[in-house]
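Laboratory data are not the source of any read-out in this text; all were calculated from the coordinates shown. Note that the structure is a prediction, hence the values are computed from the model and not measured. Glycine also receives a Cβ, built like all others from the backbone with ideal geometry; neighbour counts cover every protein chain displayed.
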Number of protein chains: 2
Amino acid sequence: MLELPFPYLVFLGDTQEPLFAKTAFGLRDWAPERCIGEWSCGHTAVTTGLPRVSPREARDRGARSLVIGVANYGGIIQENWIPTLLEALEAGLDVIGGMHARLQDIEPLKTAAARLGRRLIDVRVPPANIPVASGRKRTGKRLLTVGTDCALGKKYSALAITRAFKDRGVEADFRATGQTGILICGRGIPMDAVVSDFEAGAAEMLTPDSPPQHWDVIEGQGSLFHPSYAAVSLGLLHGSQPDVIVVCHQAGRTRILGKSDYLLPSLEDTIDLNLRLGRRTNPGIRCAGVSLNTSQLDDAAARDLLAMQSQRLGMPVADPIRGGAEFEQLVNACLA
Amino acid sequence: MLELPFPYLVFLGDTQEPLFAKTAFGLRDWAPERCIGEWSCGHTAVTTGLPRVSPREARDRGARSLVIGVANYGGIIQENWIPTLLEALEAGLDVIGGMHARLQDIEPLKTAAARLGRRLIDVRVPPANIPVASGRKRTGKRLLTVGTDCALGKKYSALAITRAFKDRGVEADFRATGQTGILICGRGIPMDAVVSDFEAGAAEMLTPDSPPQHWDVIEGQGSLFHPSYAAVSLGLLHGSQPDVIVVCHQAGRTRILGKSDYLLPSLEDTIDLNLRLGRRTNPGIRCAGVSLNTSQLDDAAARDLLAMQSQRLGMPVADPIRGGAEFEQLVNACLA
């Protein structure tokens, strides 16, 4: 499995739109101990608030790699970033990218890396030796975040639950399945880039046998209800063999992102279908509760909604970003 | 999408075990009009009954390619086959393989093909330009064969239904999703080799818009209940958007092939889960009936079983290989 060299220097390119720097903000929020600082082309780029450090300086302070922390439309590596990437290689840093474009395909980078003995690491490239899933039950406990749709909090929920488990002294590992998650935790498998015959096998590889009391908290991908990406979600569900699922949803979202013809499923339907399919590889699967992204509501409205949904569904409903008693209850239910 | 050059010369290597020559027999049974003849290394190899023709002679009779019609353990191209494959290239034939090993990776073949301007075609390699699924409803009608498990008749059922549709004057195309199917119909997409993010998109690409009365009859893959391959099955189901499914099962099989810990689902459960998931991209989906592989029963026992299951499920249950009135009823129900 991919293991990334850290600490990182986080690179922002010349990005002025914070939304395109989601990866950099994710690193700041969830892996500050892995980040020496940030760097960008010029001073008009967005900032994460991490200290501004040049590649040379970062290397001197112990950095082992520069991470491209931005994702523009099309996932391209812009030409005006190349001098900085070369500078990083010269300074002794590996370069890590998570764009669609591959670092290896950029001739000047490839030549410089070969000359300097540095690595160009594409986190979107899955390992070569993924087996077909065995279906064998593994030791240890597993939790998977699943969703009504893409991009509504499955990664953040899994990170927050991992942190809460650790705060309680429960042995736990966040298991990353997408590029930002992999950068945050330094390893993982980009599940959406795995050949479909090996999708469940990749999930088995990601969460191997572990001690009986240990939890793998697995970042979900896509949704069983997504007309484009459900194959990824089902392979991940089968291979993860979760004991517990937490269903993630965004308050107010009613249609699949970018597919307005497709209504979002109800929470009940999402819970039921995930349990039905998950039971195939783990008959003991259960739903601990719902993680509701209420970022578009004020605090009072959010708390009301969480209480109302919890009442209606008969299980904990919390927003991990808001935390509070609701989230404590959700974590209790996960560990129950 | 892959388009294969035919007519073929079917190559049997030095295979003495008919089970390993399944692809060659499939070609003889379902695409005899595409086959000029067969060839093998020496006279002890298995025969399909097609006329024995050398590569040179086959070329003279109009063949455009040699197809490797055998699949041994490990999917390797044996060294003692190479002289014959080179002879075929020299004679002016392209070479088509469906093994795990890639023809392009065999240096003497690669060199000879380049020198002679011939193609080495690996049918396990999906096209490069597969889009993410749009989820948009397409014109024309679609039928998908689905199963309780792998390797129990999904391809043969789809081929038999396509033939029956055509016999009735219904415009229909068999849509191949696996290597043997692709060789039989000369084109298709190897769905198990597609990256999971594009699985549903590949199914959309395979069955594009067509005239309103036209049927695409799509070869199913795996099973939603298979702990290794369900991702393939769900992507294919979502992307195919079938109007009709036919559920395939083998009489007497009670456990997943090679996974004896996993019981086979009931036919009712298989129908219900496929309809529930298929409804997501085609709310009008229905199950026309069951295709039951009764190859291990005698005719009387088979007919009794078909009648009993049809009674129990309230829908046509037929063995397409046996044909008969039951199969007529199944075909009627597909077109109803």
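Relative contact order, whole percent, for segment B:117-274 stands at 34, derived from Cα pairs under 8 Å and 6 or more residues apart.
Give the shape of the protein assembly as shown as rounded, prolate or oblate, defined through the alpha-carbon gyration tensor: a ≥ b ≥ c are the square roots of its eigenvalues, a/c under 1.5 means rounded, and otherwise the shape is prolate if a/b is larger than b/c and oblate if not.
Details: a/c = 2.24, a/b = 1.37, b/c = 1.64.
The shape class here is oblate.
Other residues within the sphere of radius under 9 Å centred on the Cβ of B:Ser40, judged by their own Cβ, net out at -1 (K and R +1, D and E -1).
Put simply, when A:171-184, B:39-52, B:271-284 are sorted by average Cβ atoms within 10 angstrom per residue, most first, you get A:171-184, B:271-284, B:39-52.
With a Förster radius of 60 Å applied to the beta-carbon distance between A:Arg253 and B:Ala151, the computed FRET efficiency rounds to 0.90. Note on B:Thr44 and B:Arg102: their simple-model spin labels are 3.4 nm apart, each label 7 Å out from Cα toward Cβ. Which of rounded, prolate or oblate describes chain A when judged by the alpha-carbon gyration tensor and an a/c cut-off of 1.5? Prolate. Helical runs assigned H by DSSP (4 residues or longer) give chain B a calculated mean residue ellipticity at 222 nm of -10000 deg cm²/dmol, each run adding -39500 (n - 2.57) before division by the residue total. Within 10 Å of the Cβ of each residue in A:187-195, the mean number of Cβ atoms contributed by other protein chains is 3. Sequence-ordered 3J(HN,Hα) estimates for segment A:199-211 from the Karplus curve with 6.51, -1.76 and 1.60 and θ = phi - 60° stand at 4, 5, x, 5, 5, 5, 5, 5, 10, x, 3, 8, x Hz, glycine and proline given as x. Amide H to amide H, with H built 1.01 Å from N, B:Thr48 comes under 5 Å of no residue 5 or more places away or on another chain.
Label segment A:211-336 by shape, choosing from rounded, prolate and oblate, from the square roots a ≥ b ≥ c of the eigenvalues of the Cα gyration tensor; if a/c is under 1.5 it is rounded, and otherwise prolate applies when a/b is larger than b/c, oblate when it is not. Verdict is oblate for segment A:211-336.
Remark: relative contact order (chain B) = 15 percent; criterion is Cα-Cα distance under 8 angstrom and separation of 6 or more residues. Positive-end ranking of A:Leu89, A:Gln179, A:Val132 along the dipole of segment A:81-218, with charges on Cβ about the Cα centre, is headed by A:Val132. Summary of packing: across the peptides B:104-113, B:213-222, B:234-243, A:191-200, the per-residue average of other C-beta atoms within 10 Å ranks them, highest first, as B:234-243, A:191-200, B:213-222, B:104-113. Net charge dipole, chain A: roughly 600 debye, given to the nearest 20, about the Cα centre with Cβ charges of +1 for Lys and Arg and -1 for Asp and Glu. Within the protein assembly as shown, DSSP assigns beta bridges of which about 10% are antiparallel (rounded to the nearest 5). DSSP assigns beta bridges within segment A:141-335; of those with both partners inside it, close to 10 percent run antiparallel. Taking amide H positions as modeled 1.01 Å from N, with prolines and chain starts lacking one, the residues under 5 Å from A:Phe174 and 5 or more places away or on another chain are A:Val217.
The amide H of B:Gly188, built 1.01 Å from its N in the peptide plane, has B:Leu2 as neighbours under 5 Å, considering only residues 5 or more places off or on other chains.
Between B:Ile76 and B:Arg52, full extension at 0.36 nm per residue minus the direct alpha carbon distance yields a gain of 6.3 nm.
When B:Glu171 is represented by a point 7 angstrom out along its Cα-to-C-beta vector, the spacings to that point in the other copies are 6.5 nm, nearest first. Other protein chain C-beta atoms within 10 Å of residue C-beta, averaged over B:221-229: 6. Sorted on the mean count of surrounding Cβ atoms within 10 Å across their residues, most packed first, peptides A:114-127, A:147-160 read A:147-160, A:114-127.
Normalising by the residue count of segment A:1-155, find the relative contact order in percent from Cα pairs under 8 Å and 6+ residues apart.
It rounds to 21 percent for segment A:1-155.
For the segment B:233-243, counting C-beta atoms of other chains within 10 Å of every residue's C-beta and taking the mean gives 4.
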